[in-house]
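Here is the structure we will look at.
The values are calculated or read from the model by the stated rules, or taken from the named source; none is laboratory data. Keep in mind it's a predicted model, so treat the numbers as computed, not measured. Cβ: placed from backbone, ideal geometry, glycine included. Neighbour counts: every protein chain shown.
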Amino acid sequence: MTAAQADLQAEFLEMPEGLRIDRPEVADGAALWRIAKDSGTLDLNSSYSYLLWCRDFAGTSAVVRAGSDGRPVGFLTAYLRPDRPHTLLVWQVAVDSAHRGQGLAARLLDAVTARAAKEHAVTTVETTITPGNTASERLFKTYARRHGAAVEREVLFDARQFPDGPHDPEVLYRIGPLAF
């Protein structure tokens, strides 16, 4: 186990056997793209963007690795908002279908936000969720309760603002202040 893995391991609940949380590497980009594609709910970004994400935002993102080969079976991508450096915006969270139902998304969220709070004094988490995505709503509302934080919601991008066809509105969830 690397020092980065140990740092992440110490910051979240025990993982199911054979799984571990780690920082993403560029070599993980293709797997993240596949997991996002197979999720059926996420907006799929270009494969190039997942490669860049693993390179440029590895410090505020994480992957769940399985088995001795360490293949990614889940991920969370996030970044610090440039105009609000104590706010972490969670971009995407996804878990491979074979590994769902084990609380991995919640563990990823706890691990990344704990690390961001420690390294960057993050006090607020933001994400956007389309109406009807009950799994994401439940994940972030439960996260807020676990951390004693309030949840504010407002439409960030109205459906009419998307130039590429029909798109549901993106509702901003702002969670904070966080208690770690």
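Points worth noting:
- Residue within the range 86-99 that is more than 24 Å from T142 (Cβ to Cβ), free of Cβ contacts under 8 Å to residues at least 60 places away in the same chain, of a type in the set (S, T, N, Q) and crowded, with 17+ Cβ neighbours inside 10 Å present: no
- Screening the range 119-138 for residues that are free of Cβ contacts under 8 Å to residues at least 40 places away in the same chain and in a helix (DSSP H, G or I) and picking the one that is surrounded by the fewest Cβ atoms within 10 Å (Cβ to Cβ) gives T134.
For (1) farther than 20 Å from L178 by Cβ; (2) hydrophobic (A, V, I, L, M, F, W, C); (3) modelled with pLDDT of 95 or more, each residue gets a yes or a no:
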position	(1), (2), (3)
A6	yes, yes, no
E11	no, no, no
P24	yes, no, yes
R34	yes, no, yes
Y48	yes, no, yes
S68	yes, no, no
L80	no, yes, yes
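- Enumeration of residues in the range 147-158 that are surrounded by 13 or more Cβ atoms within 10 Å (Cβ to Cβ) and not in a strand (DSSP E or B): H147, A149
- Count of residues meeting criterion [within 16 Å of the chain's Cα centre (by Cα) and in contact (Cβ under 8 Å) with a residue 24 or more places away in the chain] in the range 69-85: 9
- Among the residues listed as A30, A36, A66, the single one being over 13 Å from the mean Cα position of the chain (by Cα) and either surrounded by fewer than 17 Cβ atoms within 10 Å (Cβ to Cβ) or under 21 Å from A135 (Cα atoms) (or both): A30
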